[in-house]
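J.: Below: one structure in structure tokens.
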């Protein structure tokens, strides 16, 4: 009998462990396993707004950039590709999806400037000159910079040009939480493409995969993903505001508003670091974000920030999987609310918003790397 109980215990312990791990990772697998793309009628928006499919065949769609008239470029971390979406007839529906680059290392981040497409491929910034001249026969890539670390963990990037003409490039921490092993880890840098080395503008940034510049002041605002394994409800993801070069935002010592890291605080006071401009939901994976600079949407949204919340995996009850909105008033983030939701039903995700982009006409594009879609949100008024 004793031996039977011992055998039963040996069998049950690993089974119980698997159940626990399964529960912890439920959100992760829920986000990754195939499911039908969201029905447009399932997406909830404020009154007067409408959503439509702008492009339906863009596997792994992440960061977007506006190119010449009728062209939107899209990076794809999972596919290793960069796409060009072409709306030839101007009906706000893509007619052709072209692959302008392939075989790249997690080319999630892209930017377009002066006819050239720039792609963040982990340790390299690639440049495709005069890319739109012939999208069917794109130019070969040039290496604009190879000065960045090659770590795959948090190595994918969101890139954008600042008002100073420099290319801003984040470098994530190559871990869940650790002391940055190199001078560029856990930072946001800017790069002079004339040949300069990366200059660190923000430190203590765990993993920023979205940022933009306030059109009124030129200040940098960015999202940052909080560390994992501190429970369902902490730490929060963050929306941060850089007001001077070199500010430290706390990682790995502190998270959110004064949460000391239990392993890596090193006796530091959280008051030493710049606090978030706004705490976001815990583990929502806030990534792509943009200031709304268009004129189509109501006054409430102008000058505010739209954020793509990719969705939690390190949480027993998943959250995120939506587009949120933060109102900015006099340099302060005064509110945080859901704008577009419906990609998450219970524990099943039909999509994962990855980036947002304001189009020249004021419409808002939303990329979805799970469904491989780009959505277009417009406002037509309450009528």
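J.: Once you have the Cα-Cα distance between residue 293 and residue 192, take 0.36 nm times their residue separation minus that, and quote the gain in nm to one decimal.
T.: Here the answer is 33.8 nm.
J.: Kirkwood hydrodynamic radius for segment 203-255: how many Å is it when counted over pairs of different Cα atoms?
T.: 11.9 Å
J.: If we sort 224-237, 166-179 on the protection proxy, mean other Cβ atoms within 10 Å, highest first, what's the order?
T.: Listed from highest to lowest mean packing, they are 166-179, 224-237.
J.: Could you pull the Rg and Dmax for the chain, using just the Cα atoms, both in Å?
T.: 21.3, 80
J.: Expressed as an acute angle from 0 to 90° and rounded to the nearest 10, what is the orientation of the C-alpha long axis of helix 2-24 relative to the principal long axis of the chain?
T.: 20 degrees
J.: Per 0.36 nm of contour for each residue apart, how much would the distance between residue 136 and residue 52 grow if the chain were fully extended, relative to their Cα-Cα spacing?
T.: Here the answer is 27.6 nm.
J.: Taking the Cα centroid of segment 37-105 and of segment 202-259, what is the distance between the two, rounded to the nearest whole Å?
T.: 28 Å
J.: Sticking with this structure for a sec: If we sort 326-334, 63-71 on the protection proxy, mean other Cβ atoms within 10 Å, highest first, what's the order?
T.: 63-71, 326-334
J.: Output the relative contact order of the chain, whole-number percent, from Cα pairs under 8 angstrom with separation of 6+ residues.
T.: 17 percent
J.: As an exercise, use a Förster radius of 56 Å and the Cβ-Cβ distance of residue 257 and residue 102 to find the FRET efficiency, rounded to the nearest 0.05.
T.: 0.85
J.: With a 10 Å radius around each residue's Cβ, average the other Cβ atoms per peptide and rank 341-353, 143-155, highest first.
T.: Highest mean packing first, the order is 341-353, 143-155.
J.: Divide the volume of the convex hull of the Cα atoms of segment 27-184 by its number of residues and quote the answer in cubic angstrom per residue.
T.: About 169 Å³ per residue, rounded to a whole number.
J.: Which FRET efficiency, nearest 0.05, do residue 337 and residue 233 yield, Cβ-Cβ r, R0 25 Å?
T.: Efficiency for this residue pair is about 0.85.
J.: So what's the Cα pair-distance distribution over segment 30-95, bin width 10 Å, in %?
T.: 18, 40, 37, 6
J.: To continue, here is another question. Normalised by the residues of segment 221-272, what does the relative contact order come to in percent, with Cα pairs under 8 Å and at least six apart?
T.: 28 percent
J.: Can you give the log10 of the normalised intensity I(q)/I(0) at q = 0.11 Å⁻¹, computed with Debye over equal Cα scatterers of segment 257-365?
T.: Each listed q corresponds, in turn, to -0.43.
J.: Taking just the C-alpha trace of segment 149-282, give me its Rg and Dmax in Å.
T.: For segment 149-282, the Cα-based Rg and Dmax read 14.2, 45 Å.
J.: For the chain, set up a GNM with springs between Cα atoms under 10 Å and report which of 366, 209, 201 has the largest fluctuation.
T.: 201
J.: Now for a different question. Can you give the FRET efficiency to the nearest 0.05 for residue 245 and residue 40, using r as the Cβ-Cβ distance and R₀ = 41 Å?
T.: 0.40
J.: Hey, any idea what the orientation-averaged projected area of the convex hull of segment 310-383's Cα atoms comes to, in nm²?
T.: Mean projected area of the Cα convex hull: 6.9 nm².
Every read-out reported here was derived from the displayed coordinates using simple, explicitly stated rules and does not represent laboratory data. Model, not experiment: these values are computed from the prediction. Heads up, the Cβs are rebuilt from the backbone with ideal geometry, glycines too, and the neighbour counts pull from every protein chain shown.
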